[in-house]
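For reference, the structure discussed in these notes is given below.
The values are calculated or read from the model by the stated rules, or taken from the named source; none is laboratory data. What you see is a predicted model; the values in this text were computed from it and never measured. No Cβ is skipped: glycine too gets one built from the backbone with ideal geometry, and neighbour counts run over all protein chains shown. In case anyone asks, the SASA skips ligands and DNA or RNA and just uses the protein heavy atoms, side chains included. Shrake-Rupley method; radii C 1.70, N 1.55, O 1.52, S 1.80 Å.
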Amino acid sequence: MTVSARGIGRSKVILLGEHSVVYGQPALAAALGLGVRVRAEQAERPSLAVPAWGVEVGPGEADDLSRVFAALLAEAPPAVRSARLIVDPEVPSRAGLGSSAALAVAMIRALASLSGETLSDDEVERRAGLAETIFHGRASGIDAAVACRGGALRFVRGEPPRSVGCPLLPAVVAQVEPRSPTSEMVALVGRALEAEPDRIGAIFAEIGVLVDSAVSRLEAGDLTGLGGLMGHNHRLLRELGVSTEALDDGCHAALAAGAVGAKLTGAGGGGCLIALAPGCDEAVEAALSPRSLWVRRVLLGS
Ligand code: PMV
């Protein structure tokens, strides 16, 4: 049997469609080109270490990470249920970049590779869904889909994701401030919908139309067109009440530095923005650096 094996899961950005995706509209998401790597080793007893976060747990503890570890070990063949997993995250956690789904996928793949088990993408995604339920309660599934499949995906809740053929997209992702929990932001939008069903429902429908235009622009390789649609989506997210001054300000700075489009990505209330920056990613990164807790040049869709 193999004594050491590796697995990787991809982190993601939502290019368009967060929040309205919860209500059945499509969303467009892309892998970030960064993710979480896991090394699995045969050991005497199971353990999970994340040196970068100063964390080490076993499967029997009460925290979410331990519970996820226990759930994924239970899905793995008995021969690897005492494995030691060492995690190397390339993205910050709790930033809206799908690090928890990327971690789950990397753990699942590392354990499968250690045991010699061959898993289909559907099975990896199913197991990652178990982990996401522990980490986040009822998630839409978009993070697990991208973490497992990579590329760019048109995603509708409850339907199989559709892969969108596109070039790699030069972009800059920046975390401009700590973010609010996704559940709080989803609840805030839910209250807005209850209070003003017609206005908020119309915004959701408008975002749905933008998403499908964006899929067409992406497939045609029209990044300027895509960028314009992202800006439109950001303004609608601001109307939903999920943007912040720091996110708006970061988007303006990215556009002033040459980005063809910029918007908040994920649940909002702080967190990350994504700026599409063909031919100007260094300038956009330089403009965002002083305003950011974390910033990276990335190739979306890889
Ligand atoms: O967890 P985040 O920040 O990637 O946001 C998820 C996107 C939402 O549409 C707000 C929620 C969901 O489950 O789709």
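Using alpha carbon centroids, what distance separates segment 1-73 and segment 180-228, in Å?
Comparing the Cα centres of segment 1-73 and segment 180-228, I get a distance of 27 Å.
Using the Karplus curve 6.51 cos²θ - 1.76 cosθ + 1.60 with θ = phi - 60°, what ³J(HN,Hα) values do you get for each residue of segment 84-93, in whole Hz, with x for Gly and Pro?
Running phi through 6.51 cos²θ - 1.76 cosθ + 1.60 with θ = phi - 60° gives 9, 10, 10, 9, 10, x, 9, 10, x, 7 Hz.
Starting from 0.36 nm per residue, how many nanometres of slack lie between residue 122 and residue 82 once their C-alpha separation is accounted for?
This chain segment gains 11.9 nm when fully extended.
Under a 10 Å cutoff between Cα atoms, tell me which one of 87, 124, 55 has the largest fluctuation in the Gaussian network model of the chain.
Greatest mean-square fluctuation among the candidates belongs to 55.
Where in segment 222-242 is the amide nitrogen less than 20 Å from a point lying 7 Å along the Cα-to-Cβ axis of residue 23?
Only 230-242 pass the distance filter.
Under 37 °C and 0.692 mPa s, how fast does the chain diffuse according to Stokes-Einstein, given a Kirkwood radius computed over C-alpha pairs? Answer in µm²/s, whole number.
Rounded, D is 169 µm²/s.
If you line up the long axis of helix 245-256 against the longest principal axis of the chain, both from Cα atoms, how many degrees apart are they, to the nearest 10?
Helix 245-256 sits roughly 70 degrees off the main axis of the chain.
What shape does segment 199-302 have by the C-alpha gyration tensor, where a ≥ b ≥ c are the square roots of the eigenvalues, rounded means a/c under 1.5, and otherwise prolate means a/b greater than b/c and oblate the rest?
Oblate, because a/c is 1.5 or more while a/b does not exceed b/c.
Taking the Cα atoms only, what angle lies between the long axis of helix 121-136 and the longest principal axis of the chain, rounded to 10 degrees?
Once rounded, the angle reads 80 degrees.
Would you mind checking the tilt of helix 99-115 against the longest principal axis of the Cα atoms of the chain, expressed as 0 to 90 degrees and rounded to 10?
Compared with the principal axis, the helix lies near 30 degrees.
Which part of segment 2-27 falls in the paramagnetic zone of residue 194, meaning amide N under 17 Å from the point 7 Å along Cα-to-beta-carbon?
23
From the alpha carbon gyration tensor of segment 128-205, can you work out the equivalent ellipsoid semi-axes (sqrt of 5 times each eigenvalue) and give them in Å, largest to smallest?
25, 18, 17
Along segment 141-148, what does the Karplus equation 6.51 cos²θ - 1.76 cosθ + 1.60 (θ = phi - 60°) give for ³J(HN,Hα), rounded to whole Hz, x for Gly and Pro?
x, 5, 5, 5, 4, 6, 4, 7
Enter the accessible area of residue 211 (Å², nearest 10), with the probe set to 1.4 Å and all protein chains included.
0
Please work out the Kirkwood hydrodynamic radius for segment 4-157, using every pair of different C-alpha atoms, and report it in angstroms with one decimal place.
One decimal place: 15.3 Å for the Kirkwood radius.
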